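**Student:** This is the structure I have questions about; it appears just below.
The values are calculated or read from the model by the stated rules, or taken from the named source; none is laboratory data. Everything quoted here is computed from the prediction, not taken from an experiment. Here the Cβ is made from the backbone with ideal geometry for all residues, glycine too, and neighbour counts use every protein chain on show. The protein model used for the area step is the full one, side chains on, heavy atoms only, and it has no ligands, DNA or RNA in it. Shrake-Rupley method; radii C 1.70, N 1.55, O 1.52, S 1.80 Å.
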Amino acid sequence: MNALMDCGVACQHYCSLMVNDRTGLRFNDSPIDFSICLGYICGMSKVRTAMLSEAELGEREKLDKRFMAQAVTQAQKAMALDEVPIGCVIVYEGKVIGRGYNRRVTDHSTLAHAEITAIKKACRALGDWRLEDCTVYVTLEPCPMCAGAIVQARVPRVVIGCMNPKAGCAGSVVDLLHQEKLNHQCDVTIGILGEQCSGLLKRFFAKLREK
């Protein structure tokens with residue numbers, strides 16, 4: 001019961017970033033079902049967090065915020081180029097080994113997503129295509145391509161700033177990170193620095209509408 005209550009609090013915290021009440025959840029003008037969101041987060045909480053003590057969870061959250069802040073810095077670089085502000089860092093043994101930010105328009109490339117750039121750099125740093133002992137921090141829920149690349153790289157844990165109900169593939173549209181038919185699944189944490197991550201996106205699109 002306590003675990004369920006903790007999940008409910010986490011879900012309400014996440015949803016509060018984007019909505020006014022629990023019955024009319026919206027993000028980027030798309031409705032979100034609170035019960036689905038709650039069930040999704042509850043399911044993920046069973047993966048590894050149940051095995052951590054309160055002190056360990058607190059320490060992990062501090063580290064998550066520290067590295068997500070670096071992902072936000074990457075997203076700000078994208079925003080400076082008038083790109084959708086999405087940033088990503090990949091951490092191995094407490095150190096960032098891969099950084100990336102959205103450059104799709106700048107590089108004229110569908111592949112120039114933050115996660116793909118960071119994965120390439122991390123693989124180069126480790127000299128391996130597997131990122132088995134790494135954590136991916138990304139400001140926005142990964143798209144199909146990036147979620148697929150994360151699974152292919154055998155990343156064990158993904159930390160997401162805010163969700164993407166229109167195109168996200170960590171639970172919003174589909175859940176590629178927990179697909180049981182694939183040979184790898186990820187532990188996922190949602191909502192770290194969520195306000196900052198969603199705030200960047202809101203400012204970007206507000207500015208875009210003014211043009």
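So that you can scan it fast, the table gives a plain yes or no per residue for (1) under 19 Å from Lys207 (Cα atoms); (2) part of a strand (DSSP E or B); (3) touching a Lys or Arg at 6+ places or on another chain (Cβ under 7 Å):
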site	(1), (2), (3)
Ala75	yes, no, no
Glu83	yes, no, yes
Ile90	no, yes, no
Gly98	no, yes, yes
Val105	yes, no, no
Thr110	no, no, yes
Lys120	no, no, no
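**Student:** Among the candidates Glu132, Glu115, which residue alone is acidic (Asp, Glu) and open to solvent by less than 50 Å² (accessible area, probe 1.4 Å)?
**Tutor:** Glu115
**Student:** Can you confirm whether segment 192-208 contains a residue that is touching a residue at least 24 places away in the same chain (Cβ under 8 Å) and assigned to a loop (DSSP other than H, G, I, E, B)?
**Tutor:** Within segment 192-208, one or more residues are touching a residue at least 24 places away in the same chain (Cβ under 8 Å) and assigned to a loop (DSSP other than H, G, I, E, B).
**Student:** Condition first: farther than 22 Å from Cys186 by Cα and surrounded by fewer than 21 Cβ atoms within 10 Å (Cβ to Cβ). Now tell me which residues in segment 96-110 satisfy that.
**Tutor:** Hits for segment 96-110 are Arg103, Arg104, Val105, Thr106, Asp107, His108, Ser109, Thr110.
**Student:** (1) basic (Lys, Arg); (2) touching a residue at least 24 places away in the same chain (Cβ under 8 Å); (3) open to solvent by 60 Å² or more (accessible area, probe 1.4 Å): which one isn't true of Arg154, the others all being true?
**Tutor:** Of the numbered conditions (1) basic (Lys, Arg); (2) touching a residue at least 24 places away in the same chain (Cβ under 8 Å); (3) open to solvent by 60 Å² or more (accessible area, probe 1.4 Å), the odd one out for Arg154 is (3).
**Student:** Now for a different question. For segment 151-175, how many residues meet the condition of being part of a helix (DSSP H, G or I) and either under 24 Å from Glu61 (Cα atoms) or modelled with pLDDT under 95 (or both)?
**Tutor:** So the answer is 1.
**Student:** Being out of contact with any His (no Cβ under 6 Å at 6 or more places or on another chain), more than 18 Å from Val72 (Cα to Cα) and either in a loop (DSSP other than H, G, I, E, B) or open to solvent by 40 Å² or more (accessible area, probe 1.4 Å) (or both) narrows it down to one residue among Ala125, Ala147; which is it?
**Tutor:** So the residue among Ala125, Ala147 that is out of contact with any His (no Cβ under 6 Å at 6 or more places or on another chain), more than 18 Å from Val72 (Cα to Cα) and either in a loop (DSSP other than H, G, I, E, B) or open to solvent by 40 Å² or more (accessible area, probe 1.4 Å) (or both) is Ala125.
**Student:** Are any residues in segment 124-153 touching a strand residue (DSSP E or B) at 6+ places or on another chain (Cβ under 9 Å) and not aliphatic (A, V, I, L, M), and if so, which ones?
**Tutor:** Once the filter is applied, which keeps residues that are touching a strand residue (DSSP E or B) at 6+ places or on another chain (Cβ under 9 Å) and not aliphatic (A, V, I, L, M), segment 124-153 yields Arg124, Asp133, Cys134, Thr135, Tyr137, Thr139, Glu141, Pro142, Cys146.
**Student:** Could you go through segment 112-123 and let me know if any residue there is free of Cβ contacts under 8 Å to residues at least 12 places away in the same chain and aliphatic (A, V, I, L, M).
**Tutor:** yes
**Student:** Taking segment 176-191 as the region of interest, how many residues are open to solvent by less than 70 Å² (accessible area, probe 1.4 Å), assigned to a loop (DSSP other than H, G, I, E, B) and either among the basic types (Lys, Arg) or in contact with a strand residue (DSSP E or B) (Cβ under 9 Å, 6 or more places away or on another chain) (or both)?
**Tutor:** Looking only at that region, the number is 2.
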